[in-house]
Every structure is written in C-alpha cells, then in structure tokens.
Amino acid sequence: MLKQIKGLHHVTSLASSASVNNAFFTNVLGLRRVKKTVNFDAPDVYHLYYGDEVGTPGSVMTYFPFQNAARGKRGVGEVGVTSFSIPFGSATAWGERLATFEVENVTADVRFGQNRILFDGPDGDRFALVETDDDRTPWTGNGIGADMGIRGFQGADMRLADGGATAELLKFMGYEKTDHADNVTRFTVSGGNAANSIDVETLPDAPRATSSAGSVHHIAFAVENRARQLEVREALLDTGYQVTPVIDRDYFHAIYFRTPGGVLFEVATNEPGFDRDEDTAHLGEALMLPSRHEHLRATLERQLEQLP
Ligand code: ZN
C-alpha cells in the first residue's frame with residue numbers, strides 16, 4: 001500500500017464559457033482565481049484555476065472552457081459530484097446564497113452524518129458543499145466571510161458501473177474504506193491534506209457518461225514532490241497500470257493513468273506551486289503562458305475571451 005498520496009490536489013472539468021465559469025467560481029462560490037493560463041496542449045483554450053489564497057493543493061478547481069461546447073451527459077465512468085468543505089452551521093446560509101444567484105437544482109441532504117448542499121454549476125456540473133471539521137483557511141470576499149467560506153475540497157464522488165476494481169486501486173493508493181451505506185462506499189486517506197475523501201457510488205444499470213461541458217475531465221491526487229511521484233509511478237507500473245511519463249505543467253509535475261471504472265486519475269506534485277511566476281497579491285490576474293507558447297501571446301490575447 002502506498003503512503004505517498006496525500007488527498008486530492010486538483011479537479012479539472014470542462015466548461016462552455018470562460019466568462020460564465022469565471023463569474024460562477026469567483027462571485028458565487030467566492031474562490032480566488034489563482035491562475036489564468038491556457039491549455040498547454042491546446043493553447044487557444046483557457047486553463048482557469050480557482051482555489052484558496054495561493055491555490056494550496058487540495059483546494060484547486062480548474063477548468064478548460066471550450067466556448068459553446070455542448071453539455072456532457074451524466075452517467076457512470078465519471079466523477080458525478082465534486083465536494084467542497086464548508087464550516088459547520090453554514091449549509092443553510094449557502095442554500096440561501098445559491099438561491100439568490102438563481103443556481104439550479106439546489107437540494108440538501110445528509111451523507112455519512114455530514115450536512116450537504118448540492119447544486120448545479122453553469123454547465124450542469126454537480127457540486128456539494130459539505131459541513132466538515134477542517135482548519136484550512138478559506139479565501140473570503142464577495143460577501144463570503146470566514147464563517148462560510150470554502151476551505152478547499154472535501155472529496156469527490158465517482159459513479160461507476162462496478163466499483164470493485166476501483167476500490168482495490170484506492171486501497172493500493174493508501175485509502176481505507178471508512179463508511180458504507182446503500183450503494184455508496186467512502187474511502188479516506190489519513191495523514192494527508194483535508195481533501196481526503198473519495199466516495200464510490202455503484203450504479204450497475206446507469207448509462208455511460210458522455211464527457212463534454214459540465215463533466216469532470218480528471219481528478220488529481222497530491223504527492224509532496226517529484227521523488228515521491230516517481231515512487232508512485234513505479235508502483236503503478238509494477239501493478240500493471242499504463243502511466244504516462246512525467247509531464248511538466250509549470251505549477252506542478254503530472255502523471256496520468258486511466259482507472260478500471262473509466263475515470264482518469266492524475267498524480268501531481270505539491271511543488272513548485274502557483275506563486276512561482278506571480279506575486280501572491282496578484283495571482284491569477286495576468287495571462288500566464290508556458291515558455292513554449294509565449295510567441296503566441298499577441299494572438300491569444302486577441303482571441304481569448306476577455307475576463308475581469
Ligand atoms: Zn490535472
């Protein structure tokens with residue numbers, strides 16, 4: 001069993017409008033945009049990162065907004081719900097705030113003893129705000145104080161036709177089964193960051209998901225550094241997973257592999273972080289380009305949708 005994985009690092013999803021996406025995550029949910037860059041593999045598309053003050057691993061929601069992309073279809077083989085951590089007693093205030101912004105499909109429930117508010121993002125992405133014991137510091141502003149601010153991820157909910165092989169993989173990655181009810185099993189990693197929970201929801205008769213706007217593209221797990229990442233890569237290869245080489249994403253190093261249930265996993269380093277090329281006070285304001293795309297700057301600044 002691996003000991004290097006410390007919870008989630010980031011979650012990356014697809015959207016249909018950069019400006020709508022940006023407004024939702026900053027104005028409605030109150031996250032900080034910590035990086036405005038482009039998809040390194042398709043530089044005519046933004047890559048927007050939202051999180052806490054510095055984009056601490058475990059807090060970072062990222063998006064590729066493909067302008068006017070059709071909506072994906074929810075189903076199995078994907079992350080169905082991305083969950084953020086909120087303070088105890090704030091779920092009601094969040095329900096009222098989401099109603100004020102006319103957020104769609106706002107519901108409340110209790111899962112494994114935790115109060116949740118569930119809602120749709122602008123592309124039908126499904127989110128939860130979960131009341132959690134968590135001492136991380138939220139980003140505040142836009143009418144959101146520390147008494148209700150999002151502290152980062154609580155976890156992610158994978159919807160699978162058959163959860164068996166993915167459960168084995170999560171245990172191999174260092175997660176333990178900590179709860180089970182109906183068709184949902186919770187796995188938790190100890191000794192990591194607070195984004196430490198993965199729920200596996202088994203839906204044997206549901207259709208397969210179609211990935212497009214509103215779909216989670218992949219979830220990334222955090223490791224401390226590149227040495228730990230290489231250890232994880234070797235172990236996954238030894239177990240028979242096809243893992244990509246290490247890819248430099250400027251703000252972290254990444255490896256990717258497809259899991260048995262269909263969800264794409266990444267393992268990302270906590271270093272060097274989002275403040276490597278901008279001052280903390282101005283994170284996310286300027287368009288930052290990887291050096292190999294710097295020659296495209298004038299074209300990209302003209303073509304990409306303007307964001308506040
Ligand atoms: Zn990623």
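The values are calculated or read from the model by the stated rules, or taken from the named source; none is laboratory data. Predicted, not measured: the structure shown is a model, and the values here were computed from it. So basically every Cβ, Gly included, is an ideal-geometry build from the backbone, and we count neighbours across all protein chains shown. What goes into the accessible areas is simple: the full protein's heavy atoms, side chains included, and nothing from ligands, DNA or RNA. Shrake-Rupley method; radii C 1.70, N 1.55, O 1.52, S 1.80 Å.
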Is it fair to say Val200 is touching a strand residue (DSSP E or B) at 6+ places or on another chain (Cβ under 7 Å), open to solvent by less than 10 Å² (accessible area, probe 1.4 Å) and of a type outside the set (Lys, Arg)?
yes
Counting only residues that are more than 16 Å from the ligand (Cβ to nearest atom) and in contact with a Gly (Cβ under 6 Å, 6 or more places away or on another chain), which one in region 199-212 is nearest to Asp250 (Cα to Cα)?
Ser212
Can you tell me which of (1) in contact with a helix residue (DSSP H, G or I) (Cβ under 8 Å, 6 or more places away or on another chain); (2) in contact (Cβ under 8 Å) with a residue 24 or more places away in the chain is the one Arg136 doesn't meet?
(1)
Every residue in region 204-254 that is among the small types (Gly, Ala, Ser) and either without any contact (Cβ under 8 Å) to a residue 24 or more places away in the chain or under 20 Å from Phe274 (Cα atoms) (or both), please.
Ala220, Ala222, Ala227, Gly240, Ala254
Would you confirm whether or not region 80-102 contains a residue that is closer than 22 Å to Ser212 by Cα and over 18 Å from the mean Cα position of the chain (by Cα)?
no
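Filter region 262-278 for residues that are in a strand (DSSP E or B) and over 23 Å from Gly174 (Cα atoms) and give the result. Can you show your working first?
So in region 262-278, the residues in a strand (DSSP E or B) come out as 264-272.
If the condition is that a residue be in a strand (DSSP E or B) and over 23 Å from Gly174 (Cα atoms), then Pro272 is the only one that fits.
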How about region 1-25: which of its residues are touching a strand residue (DSSP E or B) at 6+ places or on another chain (Cβ under 8 Å), open to solvent by 20 Å² or more (accessible area, probe 1.4 Å) and hydroxyl-bearing (Ser, Thr, Tyr)?
Ser16, Ser17
Count of residues meeting criterion [open to solvent by 10 Å² or more (accessible area, probe 1.4 Å) and under 20 Å from the mean Cα position of the chain (by Cα)] in region 130-153:
12
Among Val60, Val54, Val45, Val110, which is touching an Asp or Glu at 6+ places or on another chain (Cβ under 8 Å) and among the β-branched types (Val, Ile, Thr)?
Val54
Could you pull out every one of the strands (runs of 3 or more DSSP E) wholly within region 30-115 that has 3 or more residues that are open to solvent by 30 Å² or more (accessible area, probe 1.4 Å) and out of contact with any Cys (no Cβ under 8 Å at 6 or more places or on another chain)?
107-111
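Out of everything in region 296-305 that is closer than 13 Å to Val38 by Cα and free of Cβ contacts under 8 Å to residues at least 40 places away in the same chain, what residue ends up being most open to solvent (accessible area, probe 1.4 Å)? If you could, list the steps in order and put the result at the bottom.
Restricting attention to region 296-305, the residues satisfying the condition of being closer than 13 Å to Val38 by Cα are 296-297, 299-301, 303-305.
If we keep only those that are free of Cβ contacts under 8 Å to residues at least 40 places away in the same chain too, we end up with 297, 299, 301.
On the way: Arg297: 62, Thr299: 53, Glu301: 88 Å².
Across region 296-305, the extreme among qualifying residues is Glu301.
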Let me spell it out: the conditions are (1) open to solvent by 30 Å² or more (accessible area, probe 1.4 Å); (2) at negative phi; (3) at pLDDT 95 or above, and Gly240 meets all of them except one. Which number is the exception?
(2)
Which of the residues that make up region 216-232 are surrounded by 18 or more Cβ atoms within 10 Å (Cβ to Cβ) and more than 14 Å from the ligand (Cβ to nearest atom)?
Arg228, Val232
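Can you tell me how many residues within region 3-19 are away from the ligand (no atom under 16 Å from the Cβ) and under 21 Å from Gly80 (Cα atoms)?
2
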When residues of region 250-266 are limited to those that are buried (at least 17 other Cβ atoms within 10 Å of the Cβ) and farther than 21 Å from Met158 by Cβ, the one nearest to the ligand (Cβ to nearest atom)
Phe252
Answer yes if at least one residue in region 233-241 is within 15 Å of the ligand (Cβ to nearest atom), within 23 Å of Asn193 (Cα to Cα) and touching a helix residue (DSSP H, G or I) at 6+ places or on another chain (Cβ under 9 Å), and no otherwise.
no
